[in-house]
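Heads up, the thing below is written out as structure tokens.
Rule-based calculations on the coordinates, nothing more; no lab input. Just so it is clear, the structure is predicted and the values come from calculations on it, not from any experiment. Heads up, the Cβs are rebuilt from the backbone with ideal geometry, glycines too, and the neighbour counts pull from every protein chain shown.
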Amino acid sequence: MTLVTWDENKKGNERLYSPIRRFLISSTNKIYSPNPTKIVDLVPKMTSNTTPSGTVIYSTNYLANYPYQVFNKSTSGIWSPAHSNITNQYIGYTFSTAQIVNRYTIQFPQSTSMLYAAPKSWRLEASNDNTSWITLDTRENEVDWSSLEKRTFDIDNKDQYLSYRIYILANNGNASWVYISEIEFLQIINSSLTLLENPSEEAFSIYGVEKNVSLDMNELISSLNYVKYTNTALGSGKVFRQKIDTSKIPIKKVSIE
């Protein structure tokens, strides 16, 4: 099922209209809004250890290898602990509100000469007070990194925590350095369906899926939600009618006060 509405664009004295298409899906005489699986990058693009929000947490850093650079959405900078600190070092992020992280990535910098500085063994830890930490994931023997390589790790976590950190246990053999270019803390939101009872045009506008969204029809649905539209009787009042020729008087906005 597809609803076509129209988006008005003004060009000189002409008004151009382009269709905005949204769709719902129908099965056994029921109407559903599909919500495909999406992956959310929970940490904003950091420009310092505290801006624009949250706080980058870390053990040590070497000179201009600032900790926030692992969350700046760029491989142009790196974080490394202080010289010769290659074990029991950590880098992470504290959110303003608790979040569920169930996937994370680590990316090595653009370098072929320092591959032995890549992390080899670590723990992903979580906390709600930055004092007591629990281990969500442990990785050992992560070897054979390449320049700019990004590795992705999925974890079975359904709990919200304020802070997450990578606690490094060993690197790949370099005597002095650990290098990390980027870290992502991600949330995978599994696909779901929303059942729309008595759907209206408003339902299309709110719950309709844009036409450029791809749906994997073989993907398992993790949850089913319900939305019911009901008619409510209005109170007493007056009704006013006025016919307007919109070809002569274009209407862009209607307000009632």
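Beyond 12 Å, the tail of the calculated P(r) for the stretch 74-118 holds 74 percent of the Cα pairs. The distance linking the stretch 19-81 with the stretch 126-194 is 14 Å (Cα centroid to Cα centroid, whole angstrom).
Quick one: Cα convex hull volume of the stretch 40-189, Å³ per residue?
Hull volume normalised by residue count: 99 Å³.
Checked against a 32 Å cut-off, the cross-linked pairs Lys73/Lys228; Lys30/Lys150; Lys73/Lys120 give Cα-Cα distances beyond that limit for Lys73/Lys228; Lys30/Lys150. Coupling constants for the stretch 144-161 follow from the phi torsions by the Karplus curve (6.51 cos²θ - 1.76 cosθ + 1.60, θ = phi - 60°), and in residue order they are 6, 6, 10, 4, 6, 5, 10, 10, 10, 10, 9, 10, 8, 10, 10, 9, 8, 9 Hz; glycine and proline get x.
Going by C-beta contacts inside 10 Å, put Thr94, Thr55 in order with the fewest on the left. Mind showing how you got there, number by number?
Numbers: Thr94 17, Thr55 20.
Placing the least packed residue first, the sequence is Thr94, Thr55.
Calculate the dipole size of the stretch 40-189 relative to its Cα centre from +1 charges on Lys and Arg beta carbons and -1 charges on Asp and Glu beta carbons; express the result in debye to the nearest 20.
Details: 10 positive and 13 negative charges, 51 e Å.
In total the dipole reaches around 240 debye.
Footprinting exposure proxy ranking of Ser191, Ser74, fewest other C-beta atoms within 10 angstrom first, gives Ser74, Ser191. For the pair Thr51 and Asp144, the difference between a 0.36 nm per residue extended length and the Cα-Cα distance amounts to 30.1 nm. Pair-distance distribution P(r) for the stretch 154-194, from all Cα-Cα distances in 5 Å bins starting at 0: 5, 11, 21, 19, 15, 12, 8, 4, 3, 2, 1 percent.
Taking a quarter of the surface of the Cα convex hull of the stretch 30-82 gives a mean projected area of 5.4 nm².
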